[in-house]
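Below is one structure, written out as structure tokens; comments come after it.
The values are calculated or read from the model by the stated rules, or taken from the named source; none is laboratory data. Keep in mind the model is a prediction, meaning the values are calculated, not measured. Neighbour counts are summed over all protein chains in view; Cβ atoms, including those assigned to glycine, are modelled from backbone coordinates with ideal geometry. To get the accessible areas, we keep the full protein, side chains included, count just its heavy atoms, and leave off ligands, DNA and RNA. Shrake-Rupley method; radii C 1.70, N 1.55, O 1.52, S 1.80 Å.
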Amino acid sequence: MARLAFMGTSEFAVPTLRALAGAGHDIAAVYTQPPRRSGRGMKRRPSPVHQAALDLGLAVRSPDSLKGGETQAAFAALGLDACVVVAYGLILPAAVLEAPRLGCLNLHPSLLPRWRGPAPIQRTIEAGDAETGVCVIRMDEGVDSGPILVCRKFPVAADATSGSLHESLAVEGAGAVIEALKAPLTGPPQSDRGLCYAAKFQPGEEILDWRRPAVDLERLIRAFSPRPGARFRLAGEAVKALAAELGQGSGRPGELLSGDSLTVACGDGALRLTRVQRPGRAATEGAAFLRGARIKLGSLLA
């Protein structure tokens, strides 16, 4: 068993932390981002990894940055074999990368080199990729560019959302990290062939542009589900589109094509919105929303 540090923050990292502890590895310290204000009352709350580490009885460190000399010295003093990094959210300086005897490992939720960057799950769905997976790499100073140690592949379900794929990849990734630690931490260098950059979504990308093909908008809705939710405007309200399927018919982009279902004409084809949510309301089926909103056939959605 190896002496490790674990670095992670989001819920995605929790299965890997639990798997490492369950496998008997000596986890000297868990690094996570400091508690953030959230929820009602904006109280400071520990990250999911912080809470999981406390539940496991592990020591937790939450520096604002890893760039300080004292922080780096304290990390080096742990005498680590390796460090496992999963959805941590802070940059690891060279001094941190080089401190563990065998280096630092990172779990990445896509098939590298495709979709390097911070939003690989969402971009995988948006692009309509038929296959995805997880890769464990030995980290270097580049962005997701280190040698690949373990790679596991599986198909993307036709109805996959970023939420469902996030859960599947988190579980699969935990097993991949355990597998990587059983072998020498060496692997072939990555090629840049087929490289894409999975950029964070920018404000405005969640707005449904009905001039686009229906197939693109259906993927966008799944990529934004459950958060932050793709949106369209109706009577001045920003309505979330939570689920959709390809529909029948054609018309002006944004035109309501059916009085029985929330089917909207797109630049190419049509989209049937099967689940939507108005601000401050519970989510509802598209047909029920249509009855309540009293939208006339032929109306244009913005």
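The table for this structure:
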read-out: Dipole in debye (nearest 20) - the stretch 21-111, about Cα centre, beta carbon charges: Lys, Arg +1; Asp, Glu -1; value: 620
read-out: DSSP beta bridges in the stretch 54-153 [antiparallel fraction, %, rounded to 5]; value: 75
read-out: Cβ-placed point charges (K, R +1; D, E -1), dipole of the stretch 123-276 about Cα centre in debye, nearest 20; value: 160
read-out: ARG45 accessible area, assembled protein chains, probe 1.4 Å, Å²; value: 100
read-out: Where the Cα pairs of the stretch 55-126 fall when distances are cut into 5 Å bins, in %; value: 3, 13, 21, 22, 16, 12, 9, 3, 1
read-out: Lys, Arg +1 and Asp, Glu -1 on Cβ, resulting dipole of the chain about Cα centre, debye, nearest 20; value: 1020
read-out: Fraction of antiparallel bridges per DSSP, the stretch 7-121 only, in percent to nearest 5; value: 25
read-out: For the stretch 148-285, share of DSSP beta bridges that run antiparallel, in % to the nearest 5; value: 90
read-out: Rule-of-thumb Rg ratio for the chain [Cα; 2.2 N^0.38 Å; N residues]; value: 1.16
read-out: Å² per residue, accessible surface of the chain at 1.4 Å; value: 49
read-out: With all protein chains modelled, accessible area of LYS200 [1.4 Å, Å²]; value: 130
read-out: With 10 Å bins from 0: P(r) over the stretch 191-237, alpha-carbon pairs, percent; value: 22, 45, 24, 7, 2
read-out: Sorted peptide list for 257-268, 206-217, criterion being average Cβ within 10 angstrom, highest first; value: 257-268, 206-217
read-out: Whole-percent carbon and sulfur share, accessible surface of the chain, 1.4 Å; value: 51
read-out: Residue order for GLU245, GLU126 - accessible surface, 1.4 angstrom probe, largest first; value: GLU245, GLU126
